[in-house]
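Read the structure below first, then the notes.
Bear in mind these aren't lab numbers, they're just calculated from the coordinates by the rules spelled out. Note that the coordinates shown come from a computational prediction; the quantities given were computed from them, not determined experimentally. Glycine gets a Cβ as well: all are built from the backbone with ideal geometry, and neighbour counts include every protein chain shown.
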Amino acid sequence: MSSACLPPAQPAFILRGHSAQIHALHFTKNNARLLTADADGWIVSWNLAFKRPVAVWKAHGNAVLGVGSWGTDRIITHGRDDRLLVWELGVEDENILDKTLPVDAVEASNKLPWLLHMLTVNTLNFCPFAMCRDGMPQVLSTQKVLKDNNMPEPILIAVPNNIDSGGIDIYQLPTQTRAANIGADRDITTGMVMALSILADSTRIQVAAGYESGHTMVFVQNDPAAAFQKLYSARPHTQPVLSLSIDPSKDTYVTTSADANIAKHPFPSGKSIWNTELKTIKVTPTKHSGQQGLSYRSDGKVFATAGWDSHVRVYSGKTMKELAVLKWHKGGCYATAFAAIKPVTSNVTSDQASEGQIGRSVVPCSNQASEEETEALVKMEEQSSAVGTVQQRRDEKARNTHWLVAGAKDGKVSLWAIY
């Protein structure tokens, strides 16, 4: 059967529970959980093995712009109430948190995850935060102390500047200090910062930014005491940049806009860092304006966009060719996310699995115990083992599925198993 005759692709699952449009999505805990955030400030953590909510809380008094994770048990949320918050949400915390979905909630529950950090930030721009590991030597030297206190490694947070909407502030967590600032360009009228991405290693910090004017720029700081320098500037869009993402290879990045163009740019690093003749690699006119929520899969082979026309589109990371168009939502789509593609290790050996020994314990047979009692105990252990095995298999399947998720104006989240 030719591809032209195939029926339209359908989502594997639909997560319903939000009463407002979905603004942000994020996989966490090795793909075992999916975080969904909406325009009313609600966060829902879903167990992907059972497609059920395990934690629901109202994190912000206004729309959530972005959500992410820091380490294993820390969740970062960024809202239009001018706050960036860090919450502690471990698996054990799920037992005490509310599970009433926003669509059913009469009022917000007072059961919240533990709040660890709060930053006052600019959210006038509608620009979600960007984050990366802080790899500077002076930070790495303190990691042993942080690990001793069960703290994850330090990170950098990039957000629009509080005063100058064309500038960028970079904060360090857990110290909550402003580590650096990038001023607005004085030679080019860029308007507000609309999208950000950040990377850091032991020698430099690099930031890619998209602007209201359609410009995109890359900045670098090679020394903590030095100012950022502009390495690359281009204007591939005639409308505001809506989203950008750095390729996992860290060599290029892609921007989308309110216009119909998708553009691939060099991300200067290593040998090309001082190349003053860097140019836009490719601009693809797609005929579909208003693509946002750009996200790369962790292997870099594909990326996806969420369209105002309610379509989710999947593109080749190498050629930028459109590979698939996913249509289910009735209203515009605003966010996408891929599950990470990586091997999942198991503590169970192949011999144990083949012999059916997963979770089975030995039942001692004492002289006093009757054969019936022994058989009953063995049966109970086997039933418990079977339940545990089924749950383990569901968890493994959820973690290993190549999920692409999309959130839309209808408050629903579609899960697609592709590629």
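Points worth noting:
- Pairs with C-alpha atoms separated by more than 27 Å, drawn from the list 250/330; 58/230; 29/264; 279/318; 51/250, are 250/330; 58/230; 29/264; 51/250.
- Trypsin sites (Lys or Arg not before Pro) within the range 49-84, DSSP loop, no more than 16 other Cβ atoms inside 10 Å: 51
- Inter-label distance for residue 202 and residue 318, nm, one decimal - labels placed 7 Å from Cα along Cα-to-Cβ: 3.2
- The range 155-226: trypsin sites (Lys or Arg not before Pro) falling in loop per DSSP and having at most 14 other Cβ within 10 Å: 186
- Farthest toward the positive end of the dipole of the range 1-122, out of 116, 53, 13, is the Cα of 13, where the dipole comes from beta carbon charges about the Cα centre.
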